[in-house]
Amino acid sequence: MSQWPIPKPMQAALNAARTAGDAGEVPVGAALVKDGEVIAVAGNATRTPPDPTGHAEMRVLRAGAEALGQDRLTGCDLYVTLEPCVMCAGAISHARIARLYYGASDPKGGGVEHGSRVFEQEQCMHKPEVYTGMGEEEAARLLRDFFKARR
């Protein structure tokens, strides 16, 4: 059980991850927050329609940009159930996300604390504050159960 209560935006991301998993997608969810209000929530959707960029983070950044009418999401916080991959970390940087909160680490495919560590690269133009482990137990359980059912 988590030591701290899970904030509402991470709960929304976890709900989106559950919905994605129920649809046969890898259960990852994301929520975008501006001025304390959740403005977009999305889960993975890479299979239907087929879209290799349909990661939860990419989808929620697109929805947030549309909602705010701008490409830079300055002052926004992003909550994700899984450590973002390199593609998503790059998009987070380009969007100018202020703070990134994520649940489970991804030693195989992560791009924040694992792999290429996008935000630590000299070429990274914007580095959000990063907080890990929020909702980690539930996020990891959703992923474990999803992949276990497919073996």
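The values are calculated or read from the model by the stated rules, or taken from the named source; none is laboratory data. Computed from a predicted structure; not experimentally measured. Using ideal geometry, Cβ is built from the backbone for each residue, glycine included, and neighbour counts are taken over all protein chains shown. Protein only, heavy atoms only, side chains kept; ligands, DNA and RNA dropped before computing areas. Shrake-Rupley method; radii C 1.70, N 1.55, O 1.52, S 1.80 Å.
Things worth noting here:
- Positions within segment 33-58 being touching a residue at least 40 places away in the same chain (Cβ under 8 Å) and part of a loop (DSSP other than H, G, I, E, B), in sequence order: ASP35
- Yes/no for THR81 being surrounded by 13 or more Cβ atoms within 10 Å (Cβ to Cβ), in contact with a Phe, Trp or Tyr (Cβ under 9 Å, 6 or more places away or on another chain) and of a type in the set (Val, Ile, Thr): yes
- Hits in segment 19-32 (condition: outside any loop (DSSP other than H, G, I, E, B), open to solvent by 10 Å² or more (accessible area, probe 1.4 Å) and within 23 Å of VAL86 (Cα to Cα)): GLY21
- Any hit, segment 99-108, residues being free of Cβ contacts under 8 Å to residues at least 40 places away in the same chain, surrounded by 15 or more Cβ atoms within 10 Å (Cβ to Cβ) and under 21 Å from ASP35 (Cα atoms): yes
- Just one of the listed residues (ARG141, ARG72, ARG151) is over 18 Å from GLY43 (Cα atoms), open to solvent by 70 Å² or more (accessible area, probe 1.4 Å), basic (Lys, Arg) and at pLDDT 95 or above, and it is ARG72.
- Selection status of SER2, modelled with pLDDT under 95 and either within 24 Å of PHE147 (Cβ to Cβ) or basic (Lys, Arg) (or both): yes
- All positions within segment 109-136 that are outside any loop (DSSP other than H, G, I, E, B) and surrounded by fewer than 14 Cβ atoms within 10 Å (Cβ to Cβ): GLU120, GLU129, TYR131
- When PRO50, PRO7 are checked against the criterion of being over 22 Å from GLY111 (Cα atoms) and open to solvent by 80 Å² or more (accessible area, probe 1.4 Å), PRO50 stands alone in meeting it.
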